[in-house]
Amino acid sequence: MTTAAVSATPMSADPGLHAPFGPGTVETVEAQEAVVLDLPPLKLRGLTIDVPVVLAPMAGVTNKAFRRLCREHGGGLYVTEMVTARALVERREKSLAIVHHDPDETPRSVQIYGVDAVNVGKAVRMVVEEDIADHIDLNFGCPVPKVTKRGGGSALPWKTDLLQAIISAAVREADRGNIPVTVKTRMGIDDHHLTYLEAGRMARDTGIAAITLHGRTLEQHYSGTADWSAIARLREALPDMPVLGNGDIWSAEDAVRMVEQTGVDGVVIGRGCQGRPWLFGDLQAAFDGRKDRARPGLRAVAATIYRHAQLLAEQNDDELQGLREIRKHVAWYFKGYPVGGQLRAQMATVETLDQLEDLLNQMDLDQAYPGPAVEGPRGRGGNSKKAALPDRWLEDRFIHDDQRLGLVDAELDVSGG
């Protein structure tokens, strides 16, 4: 594979797709309160990511359409939705679609989830031999009960022998194509069963190119506040490999603060960009040392929603399916904007682009950016809950034969992360 660099210049959107609403440009202003940070590019072996920002895989969100929207605003590394190793090796149609990239998407990044070293090795070999991606991330952070109760996701690092086998197989196969492999994990099962420091050292010693830590435990899911001090401890423990921070980054200022408090080499953005693809423009500006920030009025938001729906329809080759997928994004896009509940409810049932356009045009599109109400948490939250784990999972750190048999059902044909 050749060395690749991500341009720091945001892409330009196709102006024709904004036509129903007139100029749909997301305007930027110089925010006096904005803080800036001149952070160097992120190095992942042969890859150089000029803007050290990564889009976290999110099920049903980080597909080709959304990745394109984000790339049009700022540079970074944009990862696909999570795909299971087994489903990829079996060439299931949905899984092959997940790892498909636009022709101009570079570097191409995929996230693989697996609980079996053989399957993970085969999946990575497939990525290398078929030139599917330039970067591979391994998911050890998913907290979804249907994944963790079978020993996968954020439950897996507790079993050190299984973790070692999987990352070793991935690195061995990826090295054949000089593809960097990174891992994403959580702090551990709960406050009494932490795994992140040990997992980080194991990853470094096995040849993993970088590690991302979400500053929550499996038990926390997405509740409470991310523990950035844990991210700082991991950064301190691994001075010889890149460490990325994830959790509670809702703005460019949050990202800068995380870097200043933890010393991480870059940030990973999840829920903070839902309904706000322009956040990546803010992040690029902040890391480039500029104070300009996106402050979109309602017309720009409407234009972006419509374009997002068009891209989803195009991606699915099915207008109805594209409109079904845009529905969940509507609440995220309109967070903090004065859009009535009835209109929002109608948008949650649209079936054609014409219907969506008619509803969007019923709004007062000249409304300006509403201010702080737009910022802050969005997406999944909820409460902490008892970790869903296989029987006797926490008794020791090694996988037993009966537990290994239970892993057979773990690689569901799901995406997430």
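The values are calculated or read from the model by the stated rules, or taken from the named source; none is laboratory data. From a predicted model like this one, the values you see are computed outputs, not experimental measurements. With ideal geometry, Cβ positions are generated from the backbone for all residues, glycine too; neighbour counts draw on all protein chains shown. Side chains are part of the model used for accessible areas, which takes the heavy atoms of the whole protein and leaves out ligands, DNA and RNA. Shrake-Rupley method; radii C 1.70, N 1.55, O 1.52, S 1.80 Å.
Going by the conditions given, is residue 171 β-branched (Val, Ile, Thr), part of a helix (DSSP H, G or I) and surrounded by fewer than 24 Cβ atoms within 10 Å (Cβ to Cβ)? Judged against the criteria, residue 171 is a match.
For residue 253, the criteria (1) in a helix (DSSP H, G or I); (2) modelled with pLDDT of 95 or more; (3) within 25 Å of residue 372 (Cα to Cα) hold in every case but one, which is (2). Scan the stretch 315-339 for residues that are open to solvent by 10 Å² or more (accessible area, probe 1.4 Å), in contact (Cβ under 8 Å) with a residue 40 or more places away in the chain and within 22 Å of the chain's Cα centre (by Cα) and the total you get is 6. Taking residue 295 as the residue in question, decide whether it is open to solvent by 10 Å² or more (accessible area, probe 1.4 Å) and farther than 18 Å from residue 61 by Cα. Yes, satisfied.
Scoring residue 354 on the criteria (1) open to solvent by 70 Å² or more (accessible area, probe 1.4 Å); (2) part of a loop (DSSP other than H, G, I, E, B) leaves a single failure, condition (2).
Flag set for residue 252, criterion: open to solvent by less than 30 Å² (accessible area, probe 1.4 Å), among the aliphatic types (A, V, I, L, M) and either within 11 Å of residue 267 (Cα to Cα) or more than 19 Å from the chain's Cα centre (by Cα) (or both). Among the residues making up the stretch 258-312, those that are touching an Asp or Glu at 6+ places or on another chain (Cβ under 6 Å) and part of a helix (DSSP H, G or I) are 285, 312. Taken as a whole, the stretch 267-277 holds no residue that is over 30 Å from residue 245 (Cβ atoms) and either crowded, with 23+ Cβ neighbours inside 10 Å or among the basic types (Lys, Arg) (or both).
If you check 284, 310, 220 for being polar (S, T, N, Q), at negative phi, in contact (Cβ under 8 Å) with a residue 60 or more places away in the chain and open to solvent by less than 10 Å² (accessible area, probe 1.4 Å), only one passes: 284.
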